[in-house]
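Q: My questions all concern the structure below.
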Amino acid sequence: VTVAYNKDTSPNKLNLGVGAYRTEVKWDFIFRGLESCVDSFRFVSRVKEYLGITGLADFNKLSAKLILGADSPAIQDNRVTTVQCLSGTGSLRVGAEFLARHYHEQKTIYIPNPTWGNHPKIFNLAGLSVKTYRYYDPATKGLDFQGLLEDLGAAPSGAIVLLHACAHNPTGVDPTLEQWEQIRQLIRSKQLLPFFDSAYQGFASGSLDADAESVRMFVADGGECLAAQSYAKNMGLYGERVGALSIVCKAADVASRVESQLKLVIRPMYSNPPIHGASIVAAILKDSEMYQEWTVELKAMADRILSMRQQLFEALSARGTPGDWSHIIKQIGMFTFTGLNSEQVAFMTKEYHIYMTSDGRISMAGLSSRTVPHLADAIHAAVTRST
Amino acid sequence: MASDSVFAAVVRAPEDPILGVTVAYNKDTSPNKLNLGVGAYRTEEGKPLVLNVVRRAEQILVNDESRVKEYLGITGLADFNKLSAKLILGADSPAIQDNRVTTVQCLSGTGSLRVGAEFLARHYHEKTIYIPNPTWGNHPKIFNLAGLSVKTYRYYDPATKGLDFQGLLEDLGAAPSGAIVLLHACAHNPTGVDPTLEQWEQIRQLIRSKQLLPFFDSAYQGFASGSLDADAESVRMFVADGGECLAAQSYAKNMGLYGERVGALSIVCKAADVASRVESQLKLVIRPMYSNPPIHGASIVAAILKDSEMYQEWTVELKAMADRILSMRQQLFEALSARGTPGDWSHIIKQIGMFTFTGLNSEQVAFMTKEYHIYMTSDGRISMAGLSSRTVPHLADAIHAAVTRST
């Protein structure tokens, strides 16, 4: 989508494709906390030695605390192994390759329908078979909860289940906490293995803790799970490829053995992870003042996105665009699943120079107060034109 | 309880033999300990080195407020890719001018090898790769996990501590047509034994006559001889004949960028259209692995390669590193000669690059670790980069003791 956008010469073009945050004035958001960190001379003169295979130790500990909670009993019991990986993708791939090699229950992973386009490819190449469970209900533009429970209920015991921790991509539709609790009970009763993809912690609601609630709920019951964390969005570190894979095990000895096997997955893939981005994250997470500053900047980003949702909804209401557009303000996170079909999407690209993925997903982060009217016009035209 | 764990049956994996040396070294409390394991450059003072030109480039990047941390494309930083291809193939390479080369940024040498191997496992008709015996310990693992079968060809002759050229020609001559062949571009790891240019020419002719597919691992360009061009001669020889090949480049050692994981995979094809289609398939290998490569290290490399003054400064610092290693070789050889240590130690000054294949056996290595706190891989490989004038005597004493002790 970005490739096509870059070729378009229209002054009105709008890229709502890839999920990267944009400020109101359309240059990319660089955290002040990050700047002061990177600017500091001590960073530039750091040595560039190889990290160990599992990456920067501080970064790993701090990442586990971030997702699981600083007081997590699993961490205190040393039952968690955390390895630095290349953002969310790398964490998912390493975790999946480990499971394909060492998880003998079931080498099948159930992914929600729909999900991020790269998910099935990652898992296939890692050596897992991929099945789907019902997730999105186009009729309500919300969660197909019954379908989800039925499909996970019918999965073979021990199957792996991919869960979006928050801000489901591409739909923005998340279970409520009550629904999460039911999902948890079902998963534990069938001994399914949860694998969380956490790419938007803090970005979805503005609260780091709230956005980790689903994961923590599963860890609190003492069971096992995997969690892939990305710092691409919530720290704006996209191109630095910073992420972590945590595997929560029943016992410390198991976690230690699991870690030794994770190394055998990583070493023949890229030997050890890149130092720069992880050093930035560790510096911010371990310094209480910078951590605070980060939470403030994170909330500002989350709030701007919420504001875009509100503005787009109001603009469509003002135009009397046919249909119920309340899902725009109900859905959570960076993306909105508009409900537009691929034909309408193609029309909007051609006539209004608006770029989005053909499933109708738009990145709210790519909008600004200035461009909302243009998008609303385009949606209105797409929906009202006679085909 | 551990037995309830779905991972209860997971077996503890052994420590990586190369990286595990550093783990053991770090635990040792002796003031005389010496880490000659992993191939990371050290100064005379025994400290890791960040090149001045790298600091400069990094400072420029950090001070540039317009820089952002956006995702790179799947194939990485375009400038970096173009400049990397020129570096290995030569700025005037006809293959580059003909647009027959696709270059993708990868995670150092390991990542470049893995991506190239996965591509071959998926799209190339012969799924066997021949690797030299011995080779870097991680090579067979990379290729196996990528989906290739691994066979070996004779390379090192323990009797001469040099190249088993006859054995190499025989084994490659017996390989099935089309098989992939891994070649160390220079400074063979772990032996330091390289073919001469004349031998390279014979190897090239054999490989082309049997339509074997060369896959170069170039981790030491400029580091081995001090000359970037000389260290790329083997690769350029193969490209000059118009044939196809793959080349994995690492900037870990020659730019001292180890932990930044900077590298590139180039695939030289017969035609521009082929290269373009190959690139599109490389993206399908990379995307489900880590989506796109890290920006920081590649930006540093690109800044240096594209600025003629910084490039010059780099070549000077590179030569200084290579020269220090040559000096360590000379000093160690002289120290063993002075001690009258039994055996022919001339291979220390004949071998090329960061490593010396001492010829010590694993028992002697274990002795040296236990009694002299010297850490190296059990195959007897030592990293010359880990030595200094101050520590050469200690190492020479240890080798002498290991070789002369009654077993």
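Q: Scanning for something open to solvent by 40 Å² or more (accessible area, probe 1.4 Å) and either within 15 Å of A:Asn12 (Cβ to Cβ) or among the basic types (Lys, Arg) (or both), does the stretch A:334-343 turn up at least one residue?
A: No, there is no match, as no residue in the stretch A:334-343 is open to solvent by 40 Å² or more (accessible area, probe 1.4 Å) and either within 15 Å of A:Asn12 (Cβ to Cβ) or among the basic types (Lys, Arg) (or both).
Q: Sticking with this one: Determine the pairs where a residue that is touching a residue at least 60 places away in the same chain (Cβ under 8 Å), located within the stretch A:120-145, has a partner that is among the polar types (S, T, N, Q) with Cβ atoms under 9 Å apart, the partner being 6 or more residues away or on another chain.
A: From the stretch A:120-145, the pairs are A:Tyr136/A:Asn113; A:Tyr136/A:Thr171; A:Lys141/A:Thr171; A:Lys141/A:Ser326; A:Lys141/A:Gln331; A:Lys141/A:Thr338; A:Gly142/A:Thr171; A:Gly142/A:Gln331.
Q: When you go through A:Ala100, A:Ala155 one by one, which is the residue that is out of contact with any Phe, Trp or Tyr (no Cβ under 6 Å at 6 or more places or on another chain), surrounded by 16 or more Cβ atoms within 10 Å (Cβ to Cβ) and modelled with pLDDT of 95 or more?
A: Matching residue, one of A:Ala100, A:Ala155: A:Ala100.
Q: Okay, next question. Taking only the stretch A:166-193 into account, find how many residues are buried (at least 24 other Cβ atoms within 10 Å of the Cβ) and under 15 Å from A:Ala220 (Cα atoms).
A: 0
Q: Which one of B:Glu309, B:Glu279, B:Glu334 is in contact (Cβ under 8 Å) with a residue 60 or more places away in the chain and among the acidic types (Asp, Glu)?
A: B:Glu279
Q: Quick one: B:Leu107 ticks every box in (1) open to solvent by 10 Å² or more (accessible area, probe 1.4 Å); (2) modelled with pLDDT of 95 or more bar one, so which box is it?
A: Going through (1) open to solvent by 10 Å² or more (accessible area, probe 1.4 Å); (2) modelled with pLDDT of 95 or more one by one, B:Leu107 breaks only (1).
Q: Take the stretch B:12-49 and flag every residue that is among the hydrophobic types (A, V, I, L, M, F, W, C) and either more than 8 Å from chain A (Cβ to nearest Cβ) or out of contact with any helix residue (DSSP H, G or I) (no Cβ under 7 Å at 6 or more places or on another chain) (or both).
A: B:Ile18, B:Leu19, B:Val21, B:Val23, B:Ala24, B:Leu34, B:Leu36, B:Leu49
Q: While we're on this one: Any chance the stretch B:99-110 includes a residue that's of a type in the set (Lys, Arg) and touching a residue at least 40 places away in the same chain (Cβ under 8 Å)?
A: yes
Q: When residues of the stretch B:348-377 are filtered for being crowded, with 19+ Cβ neighbours inside 10 Å, assigned to a helix (DSSP H, G or I) and under 20 Å from the mean Cα position of the chain (by Cα), how many remain?
A: Residues flagged as crowded, with 19+ Cβ neighbours inside 10 Å, assigned to a helix (DSSP H, G or I) and under 20 Å from the mean Cα position of the chain (by Cα) within the stretch B:348-377 amount to 1.
Q: Can you tell me which residue within the stretch A:234-251, out of those that are out of contact with any Asp or Glu (no Cβ under 7 Å at 6 or more places or on another chain) and at the interface with chain B (Cβ under 7 Å from one of its Cβ atoms), is nearest to A:Glu224 (Cα to Cα)?
A: It comes out as A:Ala251.
Q: Also, quick follow-up: Might you check whether a residue that is farther than 30 Å from B:Glu279 by Cβ and acidic (Asp, Glu) occurs anywhere in the stretch B:49-72?
A: Looking for residues that are farther than 30 Å from B:Glu279 by Cβ and acidic (Asp, Glu), one finds at least one in the stretch B:49-72, hence yes.
Q: Here's a follow-up. Residue by residue through the stretch B:148-178, note down the ones that are under 20 Å from B:Asn138 (Cα atoms) and part of a loop (DSSP other than H, G, I, E, B).
A: B:Leu148, B:Tyr155
Q: Within the stretch A:252-265, can one find any residue that is touching a residue at least 40 places away in the same chain (Cβ under 8 Å), more than 7 Å from chain B (Cβ to nearest Cβ) and within 17 Å of B:Pro294 (Cα to Cα)?
A: No, the stretch A:252-265 contains no residue that is touching a residue at least 40 places away in the same chain (Cβ under 8 Å), more than 7 Å from chain B (Cβ to nearest Cβ) and within 17 Å of B:Pro294 (Cα to Cα).
Q: Looking only at the stretch B:55-97, count how many residues are among the basic types (Lys, Arg), at the interface with another protein chain (Cβ under 10 Å from one of its Cβ atoms) and either in a loop (DSSP other than H, G, I, E, B) or crowded, with 16+ Cβ neighbours inside 10 Å (or both).
A: Qualifying residue count, the stretch B:55-97: 3.
Q: May I pose another question? Could you list, in sequence order, all residues of the stretch A:191-202 that are in a loop (DSSP other than H, G, I, E, B) and on the phi < 0 side of the Ramachandran plot?
A: Within the stretch A:191-202, A:Leu192, A:Ala199, A:Tyr200, A:Gln201 qualify.
Q: Could you list, in sequence order, all residues of the stretch B:122-146 that are open to solvent by 30 Å² or more (accessible area, probe 1.4 Å), under 20 Å from A:Ser271 (Cα atoms) and within 10 Å of chain A (Cβ to nearest Cβ)?
A: Selection gives B:Gly137, B:Pro140, B:Lys141, B:Asn144, B:Leu145.
Q: Further, regarding this structure: Return only the number of the condition from (1) open to solvent by 10 Å² or more (accessible area, probe 1.4 Å); (2) within 21 Å of A:Asp359 (Cβ to Cβ); (3) not small (Gly, Ala, Ser) that A:His119 does not satisfy.
A: (1)
Q: State the number of residues belonging to the stretch B:133-147 that are in a helix (DSSP H, G or I) and over 25 Å from A:Glu97 (Cα atoms).
A: Count: 0.
Q: Sticking with this structure for a sec: Being in a helix (DSSP H, G or I), of a type in the set (Ser, Thr, Tyr) and either at positive phi or without any contact (Cβ under 8 Å) to a residue 60 or more places away in the chain (or both) is the filter here; which residues of the stretch B:1-34 pass it?
A: B:Ser3
Q: To continue, here is another question. Which of the following residues is away from chain A (no Cβ under 14 Å), surrounded by fewer than 19 Cβ atoms within 10 Å (Cβ to Cβ) and under 23 Å from the mean Cα position of the chain (by Cα): B:Lys306, B:Lys319?
A: B:Lys319
The values are calculated or read from the model by the stated rules, or taken from the named source; none is laboratory data. As the structure is a prediction and not an experimental result, all values here were calculated from the model. Cβ atoms come from the backbone with ideal geometry, glycine included; neighbour counts cover every protein chain shown. Just so you know, the surface numbers come from the protein's heavy atoms only, side chains and all, with ligands and any DNA or RNA stripped out. Shrake-Rupley method; radii C 1.70, N 1.55, O 1.52, S 1.80 Å.
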